[in-house]
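The values are calculated or read from the model by the stated rules, or taken from the named source; none is laboratory data. From a predicted model like this one, the values you see are computed outputs, not experimental measurements. Cβ placement follows ideal geometry from the backbone for every residue including glycine, while neighbour counts extend to all protein chains displayed.
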Amino acid sequence: MGERRALRRANSGIVLTWLLVGMLTLALAPVNYVNVDVSQAKQMIESNPNLVILDVRTQGEYDSGHIQNATLIPVSELAGRLGELEKDREILVYCAAGGRSATASQTLVDNGFLKVYKMLGGITAWKTAGYRIEIIHNGDLIVDGTQTYIIENCTYVQTGNIYVRDWSQLTISNAILKLCAEYQGQLGLFVEDYANLEIENVSISGFTFWVNNLNHARTRIYNSNMFFEDGCWLGCGEDSVVEIEDSKVGEIIMDQRSRVTVKNSELNSVILNVFSDGPASLQNIKPGLFAFWNLHESEPLCNLSYNLTLTNTLVAGQGWSVFVDCQSAVTVSNSTVCVGISFSHTTAQIRDLRPGFHKMWSHDRIALEDCLLTHCGLFFNVEAYCIVINSTFGYSVRGDANVSVIESSVEYAGYNGGIGTLYSDTTTFGWLSFAESVLFIHGNVEFSPHGEIRRWALSNITRNYNTLAKKPTGDPAENVILTLFDRNSTLVWNGATNSLGQADFNLTFTDSNYTDTLTLEAVKGNLSIVENITFLSDTPIIILIGISGDINGDWTVDIYDAIMLANAYNSGPESPSWNPKADVNSDNVVDIYDAILLASNYGKKA
């Protein structure tokens, strides 16, 4: 009996020993990665927003097509970049077919990553399953000859223009087109010659985007959204044919023998270009839903070669725009429109052009009768010189043109090529755009609170800055020494104000310095003030320099100033004894607070 108990105890010890060895072996065994198929991988991506998707191919392979939001670390660089990944996050690894992802997955688990999943079959299996990928195309995409190029089932990131030429065809379907532009209007899709563009089930995002249809080109847009934050401009010209159905489009621009039909869609704006010598009369052009409307059937028009047909289509947003040449005989009546006028080889003066209701407004051969204007635009082309007075509008310049704007509000000013001048007098500007332009700006310029430079490319712009130095009394400050320094504290200009307190200087801005801030220092005796100067600084630059309490403006606070304050004491603007110069703190009353300010500076001299 004793021997049996001893044998059982021995056997139990052996079993326990093996269990302990097994547990220790399991504890010391390396963690393995988990294989998942593309269906499982897709479920992981959709259910876990914190999942790290790791692409271990090359940069070129990544650009040609990758899973959206994937992080690229080539397998050859992975060992040295492990610090870019978090060990407690789930990581899905893939490559082209599965070989490199196996190596990368093993590298991760060998370095302490606990939740590693390798996608079987790689991006090849992913695409075969019909799942969406993201493609990055750097530079211009050119489709020409008789080539057919297809973009489908993907998010397509485009960093350059797209050109479809000759007899070629570009088809974009079931896709998202992302435009990587730095400024508005930088990128465009140009359909030229006898080329074809097919867009179906597509949405576009990014900056304002041009789709230009030229020279017999044909474009079909179906079930697509081209109506994004900054808009899509669809230009229709030179015998092009455009068909739009079940879609949303930003702006359609009608011109030059084009034919456009729109069904069951929504347009933000329709732009009608009227560049002809014959008479044209546009009536009842207003935003709204059009069950059926044909340009030539609905309007008494002559000499317009293009045509537009709308069926069950909503024209919303900015509605209708009419752009006319200054020599065209055009009448617009009983309408709600934006209006634009184009000037070339001409001198003109525009007065009182502004948004709002116009019972009757005319310029040369352009007439508006009973129209509500929602926006006004002017277009200055080669050798145009125009003066615009008391107006609210935006304008664009192409070629050499000179513009004077007086007592107006300019929503935008765009310059594209050419040499010209801009003279401004008591005018406020919104955003500006410069491309391949040489411009001289002088006069009084003010920028709205939202004023900005939206584009600057290959341009040389010179601004004249006029300064006005004033004493606290409002009188001009003479012989104020002005010194201007650039961002490197290098002297740029120095001078002094004249008897009227005025001085001016010129600054030239290029692509390399148009965002710079310069420093203007004004000194009078022992008084000094510093102003920051940028391209968007308002002019005249007002410099207030002096001593609070110097009521008579002799650069000294003394008994004469105290007497002037005493004579105006307890007065306001309606009082016979009111003296605004005695209102030292500018609160529209001469009281004890003004006396305290004067007393605090008594005896001081500039």
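Among strands (runs of 3 or more DSSP E) lying entirely in the stretch 156-219, which contain 3 or more residues that are modelled with pLDDT under 85? It would help to see each step written out before you state the result.
Working: elements: 162-164, 169-179, 188-191, 196-205, 209-213.
In the stretch 156-219, 209-213 are the strands (runs of 3 or more DSSP E) which contain 3 or more residues that are modelled with pLDDT under 85.
The one condition from (1) part of a strand (DSSP E or B); (2) within 20 Å of Val410 (Cβ to Cβ) that Leu353 does not meet is (1).
Conditions tested, residue by residue: (1) polar (S, T, N, Q); (2) over 22 Å from Gln59 (Cβ atoms).
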{"residue": "Asn138", "(1), (2)": "yes, no"}
{"residue": "Val143", "(1), (2)": "no, yes"}
{"residue": "Tyr156", "(1), (2)": "no, no"}
{"residue": "Arg165", "(1), (2)": "no, yes"}
{"residue": "Lys178", "(1), (2)": "no, no"}
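Find the residue count for the stretch 334-350, including only residues that are part of a strand (DSSP E or B) and either more than 21 Å from Glu251 (Cα to Cα) or of a type in the set (D, E, K, R) (or both).
First pass over the stretch 334-350, keeping only residues part of a strand (DSSP E or B): 336-343, 347-350.
Those left that are additionally either more than 21 Å from Glu251 (Cα to Cα) or of a type in the set (D, E, K, R) (or both): 343, 347-350.
Of the residues in the stretch 334-350, 5 are part of a strand (DSSP E or B) and either more than 21 Å from Glu251 (Cα to Cα) or of a type in the set (D, E, K, R) (or both).
Across the stretch 567-606, the qualifying residues are those that are among the basic types (Lys, Arg) and touching a residue at least 60 places away in the same chain (Cβ under 8 Å), and the one among them that is surrounded by the most Cβ atoms within 10 Å (Cβ to Cβ) is Lys581.
Close contacts from the stretch 152-175, counting a first residue that is without any contact (Cβ under 8 Å) to a residue 60 or more places away in the chain and a second that is surrounded by 19 or more Cβ atoms within 10 Å (Cβ to Cβ) and hydroxyl-bearing (Ser, Thr, Tyr), with Cβ to Cβ under 6 Å and a gap of 6+ residues or different chains, come to Ala175/Tyr156. Restricted to the stretch 220-233, and to residues there that are surrounded by fewer than 19 Cβ atoms within 10 Å (Cβ to Cβ) and at pLDDT 80 or above, the residue that is nearest to Tyr163 (Cα to Cα) is Arg220.
Starting from residues that are of a type in the set (S, T, N, Q) and touching a residue at least 60 places away in the same chain (Cβ under 8 Å), keep the ones in the stretch 83-123 and report whichever is surrounded by the most Cβ atoms within 10 Å (Cβ to Cβ).
The first filter runs over the stretch 83-123 and keeps only residues of a type in the set (S, T, N, Q), leaving 101, 103, 105-107, 111.
Checking the rest, the ones that are also touching a residue at least 60 places away in the same chain (Cβ under 8 Å) come to 105-106.
Working: Ser105: 28, Gln106: 16.
Checking each candidate, the answer is Ser105.
Scanning the stretch 141-151 for residues that are crowded, with 17+ Cβ neighbours inside 10 Å and touching a residue at least 24 places away in the same chain (Cβ under 8 Å) yields a count of 2.
Considering each residue of the stretch 60-92, count those that are within 37 Å of the chain's Cα centre (by Cα) and not in a helix (DSSP H, G or I), and give that number. So the answer is 15. Inside the stretch 569-606, residues that are aliphatic (A, V, I, L, M) and part of a helix (DSSP H, G or I) make up a count of 7.
No other residue among Thr483, Thr515, Thr473, Thr467 is among the β-branched types (Val, Ile, Thr), over 30 Å from the mean Cα position of the chain (by Cα) and in a loop (DSSP other than H, G, I, E, B) apart from Thr473.
Would it be correct to say that Ser404 is in a strand (DSSP E or B) and buried (at least 19 other Cβ atoms within 10 Å of the Cβ)? Give the steps one after another, and end with the answer.
Working: in a strand (DSSP E or B): yes; buried (at least 19 other Cβ atoms within 10 Å of the Cβ): no.
No: the conditions fail for Ser404.
Please find, within the stretch 333-346, the residue that is nearest to Asp400 (Cα to Cα) out of those that are modelled with pLDDT of 90 or more and either surrounded by fewer than 16 Cβ atoms within 10 Å (Cβ to Cβ) or over 32 Å from the mean Cα position of the chain (by Cα) (or both).
Kept after step one, since they are modelled with pLDDT of 90 or more, are these residues of the stretch 333-346: 333-343.
Imposing the further condition that a residue be either surrounded by fewer than 16 Cβ atoms within 10 Å (Cβ to Cβ) or over 32 Å from the mean Cα position of the chain (by Cα) (or both) reduces the set to 333-334.
Details: Ser333: 33, Asn334: 36 Å.
Across the stretch 333-346, the extreme among qualifying residues is Ser333.
Could you list, in sequence order, the residues of the stretch 245-298 that are surrounded by fewer than 20 Cβ atoms within 10 Å (Cβ to Cβ), under 33 Å from the mean Cα position of the chain (by Cα), in a strand (DSSP E or B) and polar (S, T, N, Q)? Residue satisfying the conditions is Thr261 alone. Of everything listed in (1) part of a loop (DSSP other than H, G, I, E, B); (2) under 30 Å from Gly451 (Cβ atoms), the single unmet condition for Glu521 is (1).
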